[in-house]
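The values are calculated or read from the model by the stated rules, or taken from the named source; none is laboratory data. Predicted model, so just to flag it, every value in this text is computed and none were measured. A quick note on method: Cβ atoms are made from the backbone with ideal geometry, for glycine too, and the neighbour counts reach across all protein chains shown. Each accessible area value is taken on the protein alone, full model and side chains, heavy atoms only, with ligands, DNA and RNA left out. Shrake-Rupley method; radii C 1.70, N 1.55, O 1.52, S 1.80 Å.
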Amino acid sequence: MFKLLLIAAPLLACVLAAPPLGSDAVIEKFVSASDENGYGFQYALSDGSHFSEEGQGGNYAHGTFGYISPEGIPFALTYTADATGYHPQSDALPTPPPIPEAILRSIRFIEEHPTPEELADREVRKTQL
């Protein structure tokens, strides 16, 4: 009996701590299509959430999604995904700080004064293109 209590108590705690199942949101729009040229789908919920994507399976995709945060702030993101990776764009995404001028000068100096190894590497790259 004690072992059962040891197993059941954490499970009960997880169930009680979990958010309620379901949502008050209702599907307002759902469209899905696919053929030999690719696929596309979109949906929208009554709570302001939306998601759409078009692409070719495993090759390319672009889409957008958005929702209203619990604070009431709209969030939107657009993206592309292809052979070069995943590329999201949104005003809500963090951006890096500007590069300090001293670092930019150092990079320019390195580019203007390549090492012998870099010069040899550039010659090899010319023949590969």
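The table for this structure:
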{"item": "Segment 6-44, subset open to solvent by less than 100 Å² (accessible area, probe 1.4 Å), in a loop (DSSP other than H, G, I, E, B) and touching an Asp or Glu at 6+ places or on another chain (Cβ under 9 Å), residue modelled with the highest pLDDT", "result": "V26"}
{"item": "Meets criteria (exposed (fewer than 10 other Cβ atoms within 10 Å of the Cβ), of a type outside the set (D, E, K, R) and either over 10 Å from the mean Cα position of the chain (by Cα) or not in a strand (DSSP E or B) (or both)) for A102", "result": "yes"}
{"item": "Options L129, L119; residue that is more than 22 Å from the chain's Cα centre (by Cα), at pLDDT below 95 and open to solvent by 90 Å² or more (accessible area, probe 1.4 Å)", "result": "L129"}
